[in-house]
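The values are calculated or read from the model by the stated rules, or taken from the named source; none is laboratory data. The structure displayed is predicted, hence computed values, not measured ones. For neighbour counting, all protein chains shown are included, and Cβ atoms are generated from backbone atoms with ideal geometry for every residue, glycine included. Ligands, DNA and RNA are excluded from the accessible area calculation, which covers all protein heavy atoms including side chains. Shrake-Rupley method; radii C 1.70, N 1.55, O 1.52, S 1.80 Å.
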Amino acid sequence: MIRLEEVTKTYKGANNQALRGVSLDIARGEFVFLVGTSGSGKSTLLRLMLREERPDAGNVLVLGENLGRLPSRRVPQFRRKLGVVFQDFRLLPNKTVFQNVAFALKVIGKSKAFIETAVPDVLKLVGLEEKSNRLPSELSGGEQQRVAVARALRSEERRVG
């Protein structure tokens with residue numbers, strides 16, 4: 001669940017507000033597209049939801065956490081609950097497809113046994129089971145994006161397969 005309540009954000013030195021009085025609710029399981037022109041606040045909105053930025057006013061609630069009250073020391077733990085696909089994919093270039101997905105699971109403390117089962121399942125789900133030993137540089141842009149999606153699907157609640 002994601003809720004923004006009258007969120008405003010202005011960057012220092014900017015003439016205009018990046019966001020002004022934005023309110024929205026996204027329910028669990030709801031699929032939402034964030035679209036808009038360049039400079040309309042899309043990236044700012046995402047940074048607020050990831051707690052990379054703080055609003056000047058209003059509340060940002062994600063997964064039941066009021067991010068304005070979330071101590072900085074708890075931010076990494078909070079982010080481990082999220083699956084995010086970045087525009088640039090952020091794949092590790094010296095690791096295979098399997099290792100890229102497994103790395104995300106290792107970071108959140110999953111067991112080796114879980115990883116050995118979950119990674120092939122999620123790679124099959126995104127149609128990359130045959131490319132698990134390839135490096136990102138050996139993949140098309142679309143395939144790299146699917147690796148990023150597979151990595152994002154790695155939450156505690158979602159054991160794919």
Please say if the chain is rounded, prolate or oblate, where rounded means a/c under 1.5 for a ≥ b ≥ c the square roots of the C-alpha gyration tensor eigenvalues, and otherwise the choice is prolate for a/b larger than b/c and oblate otherwise?
prolate
For segment 1-107, which trypsin sites (Lys or Arg not before Pro) pass both filters: DSSP loop (anything but H, G, I, E, B) and at most 10 other C-beta atoms within 10 Å?
LYS12, ARG28, ARG69
Loop-located GluC sites (Glu not before Pro) in segment 32-97, at most 16 other Cβ atoms within 10 Å (DSSP):
GLU52
Given labels modelled 7 Å from the Cα in the Cβ direction, how far is it in nm from LEU70 to ASP25?
2.1 nm
Using alpha-carbon positions, what is the distance between the centroids of segment 6-20 and segment 28-89, in Å?
16 Å
Would you mind getting the accessible area per residue of the chain, heavy atoms of the protein chains only, 1.4 Å probe, in Å²?
63 Å²
Per the C-alpha gyration tensor (a ≥ b ≥ c, the square roots of its eigenvalues), segment 25-66 is rounded if a/c is under 1.5, else prolate if a/b beats b/c, else oblate; here it's oblate
